[in-house]
Amino acid sequence: MKNLFIVTVVFIISYSSAISVVGQTHTSLSLTECVQLAIEHNPTLKQTELNLYRNEVNYKQARYNRLPSLEGNIDHGYNEGRSVNATTNQFVNTSYFSGGQSLYLSAPIFNGFQILHDIRRRASAREAGKFEFEGVVNELKLDVIEAYVLVLTAQDMLQQTEGQLTVTQETVDRMEIMQREGAADPGDFYDLKGQLRTDQNLLETNRQALYNRRLRLAALLNMAIDELPELEPLLFSIDQKPYSGVELYHTAKGVLPQFKALDWRVKEAQQQVKVMKSDYYPSLSLSAGIQSRFSSIDDSGFNYWQQFRNYPSKGISFNLRIPIFNKMKVRTQVTLANLDLDEVKWERQIQENQLREETAKAVFSMKTLRENVHNLREQEQSYQEAFRIAQVHFDAGNSNSVIFLTAKNKLDHTRNALVIKQYEWIMQKYINDYYAGTLDL
């Protein structure tokens with residue numbers, strides 16, 4: 001019975017724990033969840049996504065241009081005075097109703113391969129648009145990461161300030177008691193009270209900074225700041241795969257979608273040159289049509305539908321257009337298209353030059369931040385011990401407020417700088433992963 005009781009108690013506790021876990025609601029967001037929310041709801045990204053549909057529509061229309069066109073016309077009118085009878089082609093001097101119906105078909109046969117080159121140009125534009133959109137998504141990810149890191153930085157800075165204010169407040173309270181008993185230097189007391197107000201102002205400044213940064217993150221996620229929950233912390237690790245500037249540059253140039261998009265933009269510009277050159281060639285098209293006429297004073301006495309069947313006119317023709325001289329318009333168009341092609345090629349070189357600069361800066365920043373974090377950690381330990389000694393001497397009355405506050409401020413500034421540099425390291429790590437193509441969010 002005793003064993004059965006123990007088993008029953010264990011089962012009840014386990015079942016209750018399971019129920020509490022299942023019923024638990026998530027009140028915080030991870031970085032990955034924030035990135036996904038931004039991709040799903042960011043209005044700027046949704047607006048950019050419209051270009052994908054626009055490129056697809058243009059590509060389909062370019063393919064539809066290979067099809068013939070069919071057009072129908074119906075016209076009716078009222079005639080007075082001397083005119084030509086539509087069915088007899090004789091002059092009449094009376095009032096009557098007339099009309100006509102026609103159906104025309106036109107099909108391109110040859111136009112210097114303009115339609116073919118335009119299809120290829122639109123296809124290149126469509127592929128370029130896909131990679132450009134992917135690049136915009138990656139930029140949005142970096143914006144969310146930066147906003148997320150800045151929120152965490154502001155939170156930790158606020159916590160640091162609260163801790164610093166607590167230490168100052170405790171010292172001022174202790175000095176106030178000593179001041180009433182006449183056992184404290186008034187100069188030290190008022191010096192500490194002034195420091196207390198400085199810490200309080202710094203606390204409000206950090207609260208404002210945290211609010212602004214949460215507001216920025218909420219805007220990227222397309223939600224109100226009151227709807228933004230708490231954020232999960234990021235793990236800080238000084239370990240990072242080392243990259244050289246040249247290695248990271250060549251890796252980024254191969255994986256970043258912006259450069260794949262530029263390759264397709266070059267192809268698009270090349271096809272545009274061919275589209276413009278197609279106007280140098282003759283064009284041949286096929287036309288066919290059927291039409292009929294109606295007159296209310298027709299001699300046959302047929303009604304409308306009988307006249308429609310009785311007076312059909314059919315025809316087919318080939319139309320050849322030979323360009324001879326068009327004020328140098330085609331030549332000008334080809335020249336402008338070649339300039340556009342050169343512009344895209346130069347744009348690629350500009351982007352490559354900027355990437356070389358940015359990757360070199362990213363690699364160097366990683367090395368610098370590693371040293372900064374290492375030095376600040378050792379500096380924090382040294383200043384912490386110096387502040388402990390200064391506080392002991394100050395509490396014993398063997399020191400003054402200047403020495404005490406100097407040691408405290410050095411420790412506070414070092415801790416603040418350490419928080420900032422650690423989060424800068426995290427942000428820089430994500431930037432290096434972005435260039436290396438290993439940003440997995």
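The values are calculated or read from the model by the stated rules, or taken from the named source; none is laboratory data. These numbers were taken from a predicted model, which means no experiment stands behind them. Accessible surface areas use protein heavy atoms only, side chains included; no ligands, DNA or RNA. Shrake-Rupley method; radii C 1.70, N 1.55, O 1.52, S 1.80 Å.
Short to long, the 20 Å bins of the Cα pair-distance histogram for the chain hold 16, 28, 25, 16, 10, 5, 1 percent of all pairs. Using a probe of 1.4 angstrom and keeping all protein chains present, the accessible surface of segment 244-362 works out to 65 square angstrom per residue. Computed with a 1.4 Å probe over protein heavy atoms only, the accessible surface of segment 156-201 comes to 56 Å² per residue.
Heavy-atom surface analysis with a 1.4 Å probe gives the chain a carbon and sulfur content of 55 percent of its accessible area.
Under a straight-distance cross-link criterion of Cα-Cα below 24 Å, which lysines are reachable from Lys410, leaving out those fewer than 8 residues away in the same chain? Leaving aside lysines fewer than 8 places away in the same chain, those within reach of Lys410 are Lys193, Lys421. Full extension of the chain segment joining Met178 with Ile39 gains 44.1 nm, where the gain is 0.36 nm per residue of separation less the Cα-Cα distance. Taking every DSSP helix (H) stretch of at least 4 residues in the chain, weighting each as -39,500 (n - 2.57) and dividing the sum by the residue count yields a mean residue ellipticity at 222 nm of -24500 deg cm²/dmol.
Residues in segment 363-419 average 56 Å² of solvent-accessible surface per residue, probe 1.4 Å, ligands and nucleic acids excluded.
Phi angles across segment 92-102 convert, under the Karplus curve 6.51 cos²θ - 1.76 cosθ + 1.60 with θ = phi - 60°, into 3J(HN,Hα) values of 10, 10, 8, 9, 6, 9, 9, x, x, 9, 8 Hz, Gly and Pro given as x.
Give me the mean projected area, in nm² to one decimal, of the convex hull enclosing the Cα positions of segment 293-441. The directionally averaged projection comes out at 26.7 nm².
Computed over protein heavy atoms with a 1.4 angstrom probe, the accessible surface ordering of Met157, Met178, largest first, is Met178, Met157.
Listed values for segment 180-191 are Karplus-derived 3J(HN,Hα) couplings in whole Hz (6.51 cos²θ - 1.76 cosθ + 1.60, θ = phi - 60°), namely 5, 8, x, 9, 10, 6, x, x, 5, 5, 6, 5, and x replaces Gly and Pro. Rounded to the nearest 10 degrees, the angle from helix 31-41 to the longest Cα principal axis of the chain is 30 degrees.
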